[in-house]
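J.: Provided herewith is a single structure, encoded as structure tokens, for subsequent inquiry.
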Amino acid sequence: MTLSSGEVRAIIGPVDEVLLADILATGASAKELAEAWAWVNAEEALADEGRPLPTGRIARLVDLLDPGQENEL
């Protein structure tokens, strides 16, 4: 099931309309967005847990949420 704008705001907080549209255009689920948000906010902790780096939609969401990290993951 794809995200609604309300779900996006519930997960990441206030968001500008352009980013909101970009996130919705990915077709991601709330679970995928939550995982991407976790990577943006706790990359080292997740990597230290041995979790595989994000791929697919989750990686795209990470890029949208934190464009400065594109090549760091």
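The values are calculated or read from the model by the stated rules, or taken from the named source; none is laboratory data. Just so we're clear, the structure is a prediction, and the values are computed from it rather than from any experiment. Here Cβ is always computed from backbone atoms with ideal geometry, including for glycine, and neighbour counts include all displayed protein chains. These area figures cover heavy atoms from the full protein model, side chains too; ligands, DNA and RNA do not enter into them. Shrake-Rupley method; radii C 1.70, N 1.55, O 1.52, S 1.80 Å.
J.: Starting from the 7 Å offset along Cα-to-Cβ, what nm value, one decimal, do you get for the label separation of A21 and A59?
T.: About 2.6 nm, to one decimal.
J.: I'd like the Kirkwood hydrodynamic radius of the chain, using the inverse of the mean 1/r over distinct C-alpha pairs, in Å.
T.: Result for the chain, one decimal place: 12.3 Å.
J.: Give the ranking of D63, D22 by solvent-accessible surface, highest area first, calculated with a 1.4 Å probe.
T.: D22, D63
J.: Still on this structure: How large is the accessible surface of T2 in square angstrom, using a 1.4 angstrom probe and rounding to the nearest 10?
T.: My reading of the accessible area for T2 is about 90 Å².
J.: Using 7 Å Cα-to-Cβ label points, what is the S29/M1 separation (nm, one decimal)?
T.: Here the modelled spin labels are 1.0 nm apart.
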